[in-house]
Amino acid sequence: MAKKQKQEEVKAGAPLWMVSFSDFMSLLLTFFVLLFATAETGTDSDAVAAVLAALGNPNFGPTIAVVQPPTGAAMSSGAFTGGVISMPLPFTGSARFEPQQSDIDGSQINQLLQSVVLDFETYFINSPNPLSQNVQVELVEDEIIITFADNMIFASGSAVLIPQTLEMLDYVANVLYDHPMLNIYIHGHTDNVPISTALFPNNWFLGFARAHSVMSHFTNVHNINPARIRPQSFGEYSPVATNDTPEGRALNRRVEIIISPN
């Protein structure tokens, strides 16, 4: 009599390899949730970089989300009034912010703004730094606008502050540190000449990088509270002169520090 062929036993449930795979995916999801949480809470970027370096990526840096301007009818109709990229980035200073100051009324705010403008004008006029003579300081309604030409504070195509500029930015920062009720908007502007490099794929990125360099100097060197500062890029879309001439393009390449009451 022939023997019965033994049937292979089939185990119930998922294959064993899926258990390990599921654990791995859970850990990966947890890791990305951790990265998202640290980015949202402004955790020290050095700590995040250290984690990523341990995982084999020592060149981690913050990413920038870019809002591209509309094209076609929206642009030609004039409906587009200014494209902006703006995002808060982690603070890497000592977290020793300026002292709090009590609220002041409208008349006192006006007096304060006039006093700050006079302070800046006096400094830039009397400064031995020859570059300071080209800095523009204006009081427009309830905002102070300080305008630096790009070649005064950056080399061509760069977002690294040049040493000759630092003393001027130091003075501005020291004044702003003493008045914590004033908010600070830093606008990066470019001309319309296209740029495409490894660091700056277009003018939007260049404008933002320059605004962020000024912000970083204020926060990391002078301990101004980052919550007061908004770096923004307008790229080439908020010109003050024509881009058809070298002189006009030079005027359009600028960084504006706009100081406004809280």
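The table below lists the values:
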| item | result |
| --- | --- |
| Helices (runs of 4 or more DSSP H) wholly inside region 105-182 that include at least 1 residues being out of contact with any Leu (no Cβ under 8 Å at 6 or more places or on another chain) and closer than 21 Å to residue 220 by Cα | 163-177 |
| Count of region 151-168 residues which are under 15 Å from residue 130 (Cα atoms) and either touching a residue at least 24 places away in the same chain (Cβ under 8 Å) or touching a helix residue (DSSP H, G or I) at 6+ places or on another chain (Cβ under 7 Å) (or both) | 9 |
| Of all residues in region 112-129 being in contact with a helix residue (DSSP H, G or I) (Cβ under 9 Å, 6 or more places away or on another chain) and open to solvent by less than 100 Å² (accessible area, probe 1.4 Å), the one that is nearest to residue 180 (Cα to Cα) | 116 |
| Selection count where residues are within 19 Å of the chain's Cα centre (by Cα) and more than 16 Å from residue 253 (Cβ to Cβ), scope region 146-176 | 6 |
| One residue from 168, 87, 181 being at pLDDT 95 or above and on the phi < 0 side of the Ramachandran plot | 168 |
| Subset of region 176-208 [buried (at least 17 other Cβ atoms within 10 Å of the Cβ), within 19 Å of residue 225 (Cβ to Cβ) and among the aliphatic types (A, V, I, L, M)] | 176, 182, 184, 186 |
| Subset of region 209-262 (residues that are out of contact with any helix residue (DSSP H, G or I) (no Cβ under 7 Å at 6 or more places or on another chain), basic (Lys, Arg) and open to solvent by 50 Å² or more (accessible area, probe 1.4 Å)) | 230, 249 |
| Cβ-Cβ under 8 Å pairs, at least 6 apart or on other chains, region 206-222 side farther than 13 Å from residue 234 by Cβ, far side part of a helix (DSSP H, G or I) and open to solvent by 10 Å² or more (accessible area, probe 1.4 Å) | 215/226; 217/166; 219/226; 221/170; 222/170; 222/174; 222/177 |
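The values are calculated or read from the model by the stated rules, or taken from the named source; none is laboratory data. These numbers come from a predicted model, not from an experiment. Note that each Cβ is placed from the backbone with ideal geometry, even for glycine, and that neighbours are counted across all protein chains shown. Surface areas here come from the heavy atoms of the whole protein model, side chains and all, with no ligands, DNA or RNA. Shrake-Rupley method; radii C 1.70, N 1.55, O 1.52, S 1.80 Å.
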